[in-house]
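Asks: Dropping a structure here in structure tokens format, bear with me for questions.
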Amino acid sequence: MDIREYDVLTMKKPHPCGGLRWQVLRSGADFRLRCLGCGRCVEGPRGKFEKNIRRIERDGAEIAVSRTTRRQKTNEGDG
């Protein structure tokens, strides 16, 4: 997923303050996000946050959220 600093993420589950929107302060292997409802900052692993993203806003425009799925390889035809 292409997530950059200062993007605004709308999450599936609300923060305890009731806010659903978060601003990205740092992106990389970990994310640092600020709740736009109460201003609280949280940091955690990228994978944990990515699976809870509903929408990405960049410069006022909505960005399509693409999810990649992992498929297991099968050994067909090997005797």
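The values are calculated or read from the model by the stated rules, or taken from the named source; none is laboratory data. The structure presented is a predicted model; accordingly, all values stated were derived computationally and were not measured. Ideal geometry is used to build each Cβ from the backbone, glycine not excepted, and the neighbour counts take in all protein chains shown.
Asks: List pairs: first residue in the stretch 51-72 and within 11 Å of Asp7 (Cβ to Cβ), second residue at pLDDT 85 or above and not in a strand (DSSP E or B) anywhere in the structure, Cβ distance under 6 angstrom, at least six positions apart or on different chains.
Replies: Within 6 Å, the pairs are Ile56/Asp7; Arg58/Asp7.
Asks: Test Glu43 against the criterion of being of a type outside the set (Lys, Arg) and either touching a Pro at 6+ places or on another chain (Cβ under 7 Å) or farther than 16 Å from Ser66 by Cα (or both), and give yes or no.
Replies: So Glu43 fits the description; yes.
Asks: Now for a different question. Every residue in the stretch 29-50 that is outside any strand (DSSP E or B), in contact with a strand residue (DSSP E or B) (Cβ under 8 Å, 6 or more places away or on another chain) and without any contact (Cβ under 8 Å) to a residue 24 or more places away in the chain, please.
Replies: Once the filter is applied, which keeps residues that are outside any strand (DSSP E or B), in contact with a strand residue (DSSP E or B) (Cβ under 8 Å, 6 or more places away or on another chain) and without any contact (Cβ under 8 Å) to a residue 24 or more places away in the chain, the stretch 29-50 yields Ala29, Gly37, Arg46.
Asks: Step by step: first the residues of the stretch 38-53, then only those that are surrounded by 12 or more Cβ atoms within 10 Å (Cβ to Cβ) and at pLDDT 95 or above, then the one that is nearest to Gly18 (Cα to Cα). Which residue is that?
Replies: Arg40
Asks: Restricting the first residue to the stretch 1-28 and requiring it to be closer than 22 Å to Ala61 by Cβ and touching a residue at least 40 places away in the same chain (Cβ under 8 Å), which pairs with a second residue that is assigned to a loop (DSSP other than H, G, I, E, B) and not small (Gly, Ala, Ser) meet a Cβ separation below 8 Å and a spacing of at least six or different chains?
Replies: If the second residue must be assigned to a loop (DSSP other than H, G, I, E, B) and not small (Gly, Ala, Ser), the pairs left are Met1/Val65; Met1/Arg67; Val8/Leu36; Leu9/Ile3; Thr10/Leu20; Met11/Leu20; Met11/Asn52; Lys12/Asn52.
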